[in-house]
Each structure stands twice: as C-alpha cells, then as structure tokens.
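Undergrad: Shown below is the structure under consideration.
The values are calculated or read from the model by the stated rules, or taken from the named source; none is laboratory data. Nothing here was measured: the structure is a model prediction, and the numbers come from that model. Here Cβ is always computed from backbone atoms with ideal geometry, including for glycine, and neighbour counts include all displayed protein chains. Note: accessible area is taken over every heavy atom of the protein model, side chains too, but ligands, DNA and RNA are not part of it. Shrake-Rupley method; radii C 1.70, N 1.55, O 1.52, S 1.80 Å.
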Amino acid sequence: MKNINMKLKLWILIIIPMIAILWLSIRIMSYDLDVKDNLNFTKDRILEAEALSTIVHFMQIERGMSVGFIINSGKSNSDKLPAVRQKVDNALEDMKKVYAFTHGNSSVLNSLGDLVQKRASIDSLSITALDTGIYFTKIIKTFLDVALIIPPLIDDKDGRNIIQAYTHLATSKESLGQIRANLNGTFSKNTFVEDTFFKFSTSLGAYTVNLAKFDVLAPDEVKEFYKNTYKGESVNKTEAMIDIAKTKWMSGNFGIEPSVWFTEATTSIELLRVIELELYRNVLKLADKKIADANTSLILITSTSLLLIIALFILASYMIKNITSSLNSIQLGLISFFSFLNRETPKVELINLDSKDEFGQMAVVINENIEKIKKGIDEDRKLIDETIAVLGEFEQGDLCQRLELNVSNPALMQLKTVLNNMASNLENNIDNVLKVIEEYSHYNYL
C-alpha cells in the first residue's frame, strides 16, 4: 500500500463500502426474486386448482344429468346433456392451456381417456345409472385428489390456506352432489335400500365437516361472502329435506317429490359454486397484489441501490478531487519554497488554497512560515550584501564603515557585532599607529 499514490488509496477506501452496498443490494434483490418466483409458482398452482374446480363442477352436473338420463330411459335431460358435455370439453381444453402455461403435471387428464366411450354408452343406454355415477365420481375424486396435493407445494401461507379452503369447499360440494344423487333415488323409492343410508350418512358427515374446515381457513372477506350467499329458500329446503331423510331413515315414507329435491339441491350446489368462484377471485387478487408488491420492492431496491451507488460515486469523486487538489496545491507550494531555499528561483509562490478544512488550515500555517522564512532570508541576504560592501571598503582601507542592518538571525547578528568590533579595533589600532608615526615625524621618540 505504501507504493500506491494517495488518489488510488482514497478510491480503494471508497470502493469498499460501494462493493458492500452492491453486495447487500444483490442479496436483497435475490431474496425478493425468490419471493417473486414463489408467488408466481403459487399463482400457477392457483390457476391449476381453479381449472380443476371448473372441470369438477361441470362433471358433477354431467354426472347428475347422465344418471337421470339413464334412469328415465333417455326421456330426461336429453336436450341438456350436449350443452353440459360441451362445457366439460371446454373446461378440459382450458385445463390443457393452463398446464401448458404453468408447465404443471397434466397427467391427471389421462383419467379422461375413455370419456368419449362412456358418453356413447350413456347415449345408447348400455350402461347402468350406478356404473355411470361411479365412473364420474371416480374421475371427480381424482381431480379433487390432485387439488388436495397443491397446498403443500405452496410456500405462501395466505395462498396455501385459501387453496386448502377450496379443497374443503369442493369436497363439501361433491358430498352434497353425492347426497343429491343418493336421496334422488331414495325419495323415488320412498325408502333407503341396501347400504344407501350408510353412504348418505358418510356423505353428509363429509359435507358438514368440510364446510366447517372451510369456514376456519377461508379469508374473512370470503367467509362473509359465504354467509351472505349460502342461504335462502333453496338452502333451507335442502337442509330440511336432508333432516327428514335423517329422521325417517328407518320408516321411509318421506313425502318428498324427487324432482323438488333435485332442483333445490342443485340450486344449493350452484350457490357453493358461486362461493368457489369468489374464493378464486379473492386468491388471484391477493396473488396479483403480492406479485405487484414484490415487483415494486425489486424496482425500489434496484433504483435505490443504483442511486445510492451513483450518489456515492459522485460524492467520492468530488471529495477525492478536492483532497488531491489540496494536496497538489500544498505540494506545488512546497516545491516552490524549496526551489527558493535552494536558490533555484528568486521568488517563492505561496500555497493557493482557501478552504476551511484541515488542508486549508495547514496551508495557512505553511504560508505564514514561508513568509517568515522568506523575510528572514531576504534580511540575511541584505546583511550579507552589506557585509560584502563594508569588507570591500575595508579592502580599500576605509575602516570607518560599519554594518547597520538588524536581522532576526542570531548568528548573523553575532557576526555583525564581531565584524563591527573588529573594524573598530583595527581603526583604533591604526589610529594609534598613525599617531606614533606622526610623533616620530616630529622627532619625538619618547
């Protein structure tokens, strides 16, 4: 380091904190990028879950209409089935697009490989209503199982909780769909047959438990929407008919028209679908807000870091320039002074620095001493010049000349005194000699 000039040393001193700021900024930006990547990953999984929920919803409708179509030997729902199937197909196409966008695992779609064949069997009435219900229920369960494994993949707590809330809501909706199918046959026969009551009880328990879990995990805004939406005449009638089925399960004779039950239960399921859509609207809005906040944070960190580094660079440049300029001024002043001392130049230049910092104070002290030394040197030179002139007079025999100048140099003042005393002594001695010679000239030899 001792071989490096001052300017480079100052730059090294400034570059170290600049590198530290840059490193810290990169660390923060790296963290924010990870957060953003996690949020984008979360949004991708939410989009997949939303697409799954759409397929599940329309397949639940197709299941109900297909079972009704078979039970009534093709006389019921024949005009509605094509439209519902088209909605299922559209949802499947949308699902493929979502997986292509998210690069997710689309293997769940393989479970629909024989959908066209099953539909053909339904149209030809070559499959039973029970097998039809089992087929669609199996597919729906497969899609719901895929939705169930999404929350553990998500790091974002809010997004994870909302998707978990959806899985419970979707399971409740599916359970209500199974209850709808179960009680539709039960009310038609006016009694529970075989193990249908056990299946009814199982589905009812899943419906109740999952709605309670949904109420725990859902955001407050969605809970409020759920309370304001899942109510009214259809929900009340649906729950009342379920209570009748629970109460009279042994005796039968429910006194409920299957078509009334199916209509009210379907309306209740549709209300749950509305809540599903609101749930996804809420979670996507939250995800977009968090991604936007992450982008804002990245932009803020990046711009702040750049501005800080640029400001530090400009400030460092100014300070280093100021310091090196002050050092150069002092250096030039000292070089001029030493040249004057070494008689290389006849005059000395003072340090041209008027700053109020330590360099300025140093320059003032140096200038004051330069002026004192210059004054002393000028005085010494005048005294020396006078001494040379007086000694020249002495050489010519004029011993009455004396050194008159006073200087601040003690050595020269002592020399002046010695020379003046010597001149006085010489002059007195010569005067005495001249007097003796004059007496001799008058023949006074005493």
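Undergrad: Between N190 and K97, 0.36 nm times their residue separation minus their Cα-Cα distance comes to what?
TA: 28.9 nm
Undergrad: Among E221, E48, E395, whose mean-square fluctuation peaks in a Gaussian network model of the chain (Cα, cutoff 10 Å)?
TA: Highest fluctuation among the options: E395.
Undergrad: Over the chain, average the accessible area per residue using a 1.4 Å probe and give it in Å², no decimals.
TA: Result: 58 Å² per residue.
Undergrad: Using only the Cα atoms of the range 319-430, each taken as one equal point scatterer with no solvent, compute I(q) by the Debye sum, divide by I(0), and report log10 of the ratio at q = 0.10, 0.24 Å⁻¹.
TA: Values returned for q = 0.10, 0.24 Å⁻¹ are -0.46, -1.20.
Undergrad: For the chain, what % of the accessible area comes from carbon and sulfur atoms, probe 1.4 Å?
TA: In the chain, the share of accessible area belonging to carbon and sulfur is 60 percent.
Undergrad: Average projected area of the Cα convex hull of the range 21-81, in nm²?
TA: If you wrap the Cα atoms of the range 21-81 in a convex hull and average its projections, you get 4.6 nm².
Undergrad: Hey, another quick one. Can you give the Rg/Rh ratio of the range 182-229, where Rg is from the C-alpha atoms and Rh is the Kirkwood radius? Provide the component values of the computation, followed by the final result.
TA: Working: Rg = 15.3 Å, Rh = 12.7 Å.
Result for the range 182-229 is an Rg/Rh of 1.21.
Undergrad: On to the next question. Taking 0.36 nm per residue of sequence separation and subtracting the Cα-Cα distance, how much length would be gained by fully extending the chain between T296 and V433, in nm to one decimal? Mind dumping the intermediate values first?
TA: Working: separation 137, 0.36 × 137 = 49.32 nm, distance 11.04 nm.
Length gained between T296 and V433: 38.3 nm.
Undergrad: Same structure again: Taking only the alpha carbons of the range 210-354, what extent do you get along each of the three principal axes, in Å, biggest first?
TA: 132, 21, 17
Undergrad: I need the Kirkwood Rh of the range 374-446: take the reciprocal of the average 1/r across all distinct C-alpha pairs and report it in angstrom.
TA: Across the range 374-446, the inverse of the average 1/r is 13.9 Å.
Undergrad: OK, next. Enumerate the whole-percent occupancy of each 5 Å bin, from 0 to the last occupied one, for all C-alpha pair distances of the range 1-43.
TA: For the range 1-43, the pair-distance distribution reads 6, 19, 14, 13, 10, 10, 8, 7, 6, 4, 3, 1.
Undergrad: Obtain the nm distance between the two label points defined at M362 and K248 by a simple spin-label model: each point lies 7 Å from its Cα along the Cα-to-C-beta direction.
TA: 10.7 nm
Undergrad: Quick check: pseudo-label points 7 Å beyond the Cα along Cα→Cβ at D385 and N5, how many nm apart are they?
TA: So the two model labels end up 4.0 nm from each other.
Undergrad: Same structure again: So which residue, out of R119, R273, R63, gets the largest mean-square fluctuation from a GNM of the chain using Cα contacts under 10 Å as springs?
TA: R119
Undergrad: Quick one: Kirkwood hydrodynamic radius for the range 190-283, alpha-carbon pairs, angstrom, one decimal?
TA: Taking every pair of different Cα atoms in the range 190-283, averaging 1/r and inverting gives 14.7 Å.
Undergrad: Mind computing the radius of gyration and Dmax over the alpha-carbon atoms of the range 210-253? Å is fine for both.
TA: 14.4, 43
Undergrad: Now a separate question. What is the extension gain from V116 to L350, computed as 0.36 nm multiplied by their sequence separation minus the C-alpha to C-alpha distance, in nm to one decimal? Present the calculation step by step, with values, prior to reporting the outcome.
TA: Values: separation 234, 0.36 × 234 = 84.24 nm, distance 10.16 nm.
Result for the pair: 74.1 nm of gain on full extension.
Undergrad: So for the chain, what percent of the C-alpha to C-alpha distances run longer than 28 Å?
TA: 71 percent
Undergrad: Oh, and also: Kyte-Doolittle cut-off -1.0, length cut-off 30 Å along the helix's own axis using Cα: show which whole DSSP H helices in the chain pass.
TA: Span-like helices here: 6-71, 81-102, 157-189, 196-217, 258-341, 358-395, 410-441.
Undergrad: Still on this model: With Rg and the Kirkwood Rh both taken from Cα atoms, where does Rg over Rh land for the range 1-127? Working shown, then result.
TA: Values: Rg = 29.9 Å, Rh = 19.5 Å.
Rg divided by Rh gives 1.53.
Undergrad: Next question, about the same structure. Among 208-219, 382-393, how do they line up from the highest to the lowest mean number of other beta-carbon atoms within 10 Å?
TA: In decreasing order of mean packing, 208-219, 382-393 become 208-219, 382-393.
Undergrad: Now for a different question. Beta carbons within 10 angstrom, averaged per residue: use that to sort the peptides 158-169, 425-436, 369-380, highest first. Walk me through the numbers before you get to the answer.
TA: Working: 158-169: 22.7, 425-436: 11.3, 369-380: 14.2.
Ranked from most to least packed, the peptides come out as 158-169, 369-380, 425-436.
Undergrad: To the nearest 500 deg cm²/dmol, what mean residue ellipticity at 222 nm is calculated for the chain from DSSP H runs of n ≥ 4 alone, each contributing -39,500 (n - 2.57), summed and divided by the residues?
TA: -28500 deg cm²/dmol
Undergrad: Please state the equivalent ellipsoid semi-axes for the range 346-411: what are the square roots of 5 times the Cα gyration tensor eigenvalues, largest first, in whole Å?
TA: Output for the range 346-411: semi-axes of 39, 10, 6 Å.
Undergrad: Could you compute how fast the range 271-326 diffuses translationally, taking Rh as the Kirkwood radius over C-alpha pairs and applying Stokes-Einstein at 25 °C with viscosity 0.890 mPa s? Give it in µm² per second.
TA: 163 µm²/s
Undergrad: Which of L332, L308, L33 moves most in a GNM of the chain, Cα contacts under 10 Å?
TA: Comparing L332, L308, L33 in a Gaussian network model of the chain, the most mobile one is L332.
Undergrad: Let me ask you something else. What's the whole-number percent of alpha carbon pairs in the range 108-173 lying beyond 20 angstrom?
TA: Working: 945 of 2145 pairs.
Of the Cα pairs, 44 percent sit more than 20 Å apart.
Undergrad: Please compute P(r) over all alpha-carbon pairs of the range 107-247, binned at 5 Å starting from zero, and give each bin as a whole-number percent.
TA: Distribution as computed: 2, 8, 15, 17, 17, 16, 13, 9, 3, 1 percent.
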